[in-house]
Amino acid sequence: MLRATGLTRRYGGVTALSEVDIVLRPGEVHAVVGENGAGKSTLVKILSGVERPDAGVLPRIAGVALVAQELTVFPDLTVAENLFPLAPPRRGLLVSRRRMASLAAPVLAELGLDVPLDARAGTMSLADQQLLEIGRALLRNPAVLILDEPTSALPADAVARLMGVLRRLVARGVAVLYVSHFLEEVLRIATRITVLRDGRSVLTGVETATVDLDGVVAAMLGDRALAPAAERPPPRDGPPALVVDGLFSVAPGEIVGLAGLQGAGHLEVLSALSGRGSGPGTPRSPRAAVRAGVAFVPSDRKRYGLMLDQPVWRNTSAAAWLGAGLGSWWLRRETHRAAARRHIERLRIRGGPDDLVTTLSGGNQQKVVFAKWLEADPRLLVLDDPTRGVDVGARAEMHAVIAALAAEGKPVVLASTDLAELCELCDRVLVFQRGRVVARLTRSELSERALSVAMNAGT
Ligand SMILES: Nc1ncnc2c1ncn2[C@@H]1O[C@H](COP(=O)(O)OP(=O)(O)OP(=O)(O)O)[C@@H](O)[C@H]1O
Ligand SMILES: [Mg+2]
C-alpha cells in the first residue's frame, strides 16, 4: 500500500528523522514506537502529507487518513460539523443533516461514542474528543489509516472497542499504522513493528511474533536503563493532610487513586481541588489553588498546563513564580535556566531551556508540565493522567518522582485512564459511581482486573 525509503526531516539544527524506511502492506497493523522525541509524529506527518521530507522517496498515495496526536477537533463546531469538515454530504446545494446522521451513526456506535450530533465538541470530555477525531478519519473510508497515540486519553473499554474496529478494518484489507506508548497494547494488535530511536529506525518492520516487551524496550532506550520501581515507606499515621468532606481523606505521604467510568464524578473532585470547580472550602480559582500550594497536572496540557509560545525555562518556573509572589521574579534568568536544565536531564526532555514549548514533541511537553510543579514545591499533588503520552522510560522516572514526593510526606491524589498506573502507584484507590465512592481497594486488593470490575459493577 505504501513504501517509503530514506525519509529525513530536519527542524533547524535538530534532525527529527534520519533515513527511515517503512513499508505498509494491505491488511496489516504496523506499529511504530520509540521514546518521546524519537520522530514518530514527524514520520506520520510525512506519510500523510502534512509535512514534506527533506530527503527520501515517498510515492504520492491517495486514501490516507491521519488521526493526529494533537487533537484537531474544532471546539466551537458541532459533532456533525467536526465529522464532515470539508465535504459535508449534500442534497442539491443544501447540507443534508439526515444523510450526515445516517453516515455518522454506525461509525459513532462502533466507537461507542454516545453524543448528540448537534453537541458542541468543546463541551465533550477529552476521551470523547479523541473518539470523535477517530470517527472523522473512519468516515473517509481510508485505504491507509494512520493513528498517532489514539488511546492516550481513552478508558479501557474504549480502547477495547477501538481494537475491534481496527481488526475489522485490516480484515477488509486496510493498512493501519499505529503509534503508541502502550507497548503491551501494541504487541497485541500489530503484526509488525518499527522502533525509532533519536530519529533513526533501530528495528524496521520486524514481525511482532519474534519480539517481546523487553526486547522492544531495550531497542527504544538503547544503553539507558529504566528507573527501578520506587520503594516507598507506608503513609504516616496522625492527622490527615487533606480531608474531602464526606468522601475521603489523605494521610501525609499517601497516594490515593480516584477511578471511575466517564461521568462517575471522580474528575470533579480533581477540578474542585485545583480551583476549577466549586464547593465550600475549595480554592476559588486556579490561581488561588496554586497560592495554596496545590499542584495540578492535567491530562489536557494544551488547555491548562503550558504557555506554548514561551521557552521551556519560563514554563518550568511559572508555577513557582505564581506561588512565591513577586519577589522571585527578580531571580536571575540564569537561575531559572539552570533549574530547567536539571529537569531536562532528569526527565530526559528532548529540547533545551530556550526552546519554545511548541517545538517539543507531545510527550516532552507533558514532561514540562510535570517539571513546572516539581519546581513549585507544592503541598498537595493533584494528578490527572500525569503520564499521558509519555514514553516508558520517562513514565518510570515520573513515577519515581511522585513516589519520592509522597515519601517526603506530601499527599497525592491521582486519577488515570491507565489502570496499571493506579495499581503501580497508589496506596488506596476509591472507585466512584454517580458521584459516590462505591468501593475502596487497598494496596493488596489492587489489580487492573479488580479495578475494572469495581468501576463497572452494577452498570
Ligand atoms: N516544528 C518543529 N520545530 C522544531 N523542532 C521540532 C518541530 N517538530 C518536531 N520537532 C523536533 O523533532 C523531534 C521529533 O519530534 P516528534 O514529534 O516526531 O517526536 P515523537 O516521537 O512523536 O515524540 P512523542 O512520543 O513525544 O510524541 C523532537 O526533538 C522535536 O523537538
Ligand atoms: Mg508524537
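Would the chain count as rounded, prolate or oblate if I go by the C-alpha gyration tensor, calling it rounded below 1.5 in a/c and otherwise prolate when a/b exceeds b/c, oblate otherwise? Taking the square roots of the gyration eigenvalues as a ≥ b ≥ c, the chain is prolate. On the basis of the beta-carbon distance and an R0 of 25 Å, Asp245 and Arg291 show a calculated FRET efficiency of 0.70. Sorting 63-74, 4-15, 263-274, 38-49 by their mean Cβ neighbour count within 10 Å, with the most densely packed peptide first, gives 38-49, 263-274, 63-74, 4-15. Sorting 201-208, 185-192 by their mean Cβ neighbour count within 10 Å, with the most densely packed peptide first, gives 185-192, 201-208. Residue separation of Arg140 and Asp198 scaled by 0.36 nm, minus their Cα-Cα distance, works out to 17.6 nm of gained length.
Using R₀ = 41 Å, calculate the FRET efficiency as 1/(1 + (r/R₀)^6) where r is the Cβ-Cβ separation of Ala338 and Ala407; round to 0.05. Walk me through the numbers on the way to the answer.
On the way: r = 25 Å, r/R0 = 0.61.
With R0 = 41 Å, the Cβ-Cβ based efficiency is 0.95.
Using helices alone, I'd like the mean residue ellipticity at 222 nm for the chain: each DSSP H run of four-plus residues gives -39500 (n - 2.57), total over residue count, nearest 500.
-10500 deg cm²/dmol
DSSP beta bridges in the stretch 141-205, what fraction antiparallel, as a percent rounded to 5? Just about 40 percent of them are antiparallel. Considering only beta bridges that DSSP places wholly inside the chain, some 45 percent are antiparallel. Within the stretch 255-275, name every residue whose backbone N is under 12 Å away from a label modeled 7 Å from Cα of Asp157 along the Cβ vector. Answer for the stretch 255-275: 260-264.
For the pair Arg379 and Asp21, the difference between a 0.36 nm per residue extended length and the Cα-Cα distance amounts to 124.0 nm. Computed from the C-beta positions of Val453 and Glu184, the FRET efficiency with R₀ = 22 Å rounds to 0.70. Between Arg3 and Asp237, the modelled labels are 7.2 nm apart [label points 7 Å from Cα along Cα→Cβ].
Laboratory data are not the source of any read-out in this text; all were calculated from the coordinates shown. Note that this is a predicted model, so its numbers are computed, not measured. Ideal geometry is used to build each Cβ from the backbone, glycine not excepted, and the neighbour counts take in all protein chains shown.
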